[in-house]
Amino acid sequence: MKTLKRTYGRSNVKFAQLDKVLRAFGFSWRPSERNPRTRIYEHEAGARIGLKPYRANERVYKHHMWSVRTELDNFGIADPTTFDAKIQKAG
């Protein structure tokens, strides 16, 4: 239960930081066909990340950060340590 509890709530990362890092890793985004407010980030390696419509200064949910980190790692785009370092640098 403790592990799940840590993934709820907001992270310290603002959406503008996350967007900047994803673009630096080669992602582009488009509106979702089902819900145009949702952003779909896509990478040529096949990675796809769907995010709710955050404001630039809004802090991203922890579970979204976990999903992004996992997708980058699974597709060999960036390991979690590299991703975390890029996020900190973008801040």
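Any read-out appearing in this document is the output of simple, stated calculations on the displayed coordinates, not a laboratory observation. Just so we're clear, the structure is a prediction, and the values are computed from it rather than from any experiment.
Taken over the chain, lysine pairs spaced eight or more positions apart, or on distinct chains, with alpha carbons under 15 Å apart number 9.
Which value in deg cm²/dmol, rounded to the nearest 500, describes the helix-derived mean residue ellipticity at 222 nm for the chain, given -39,500 (n - 2.57) per DSSP H run of n ≥ 4 and division by the residue count?
Helix-only estimate at 222 nm: -12500 deg cm²/dmol.
Put one equal scatterer on each alpha carbon of the range 10-90, apply the Debye formula with no solvent term, and list log10 I(q)/I(0) at q = 0.15 1/Å to two decimals. The Cα Debye sum returns log10 ratios of -0.47.
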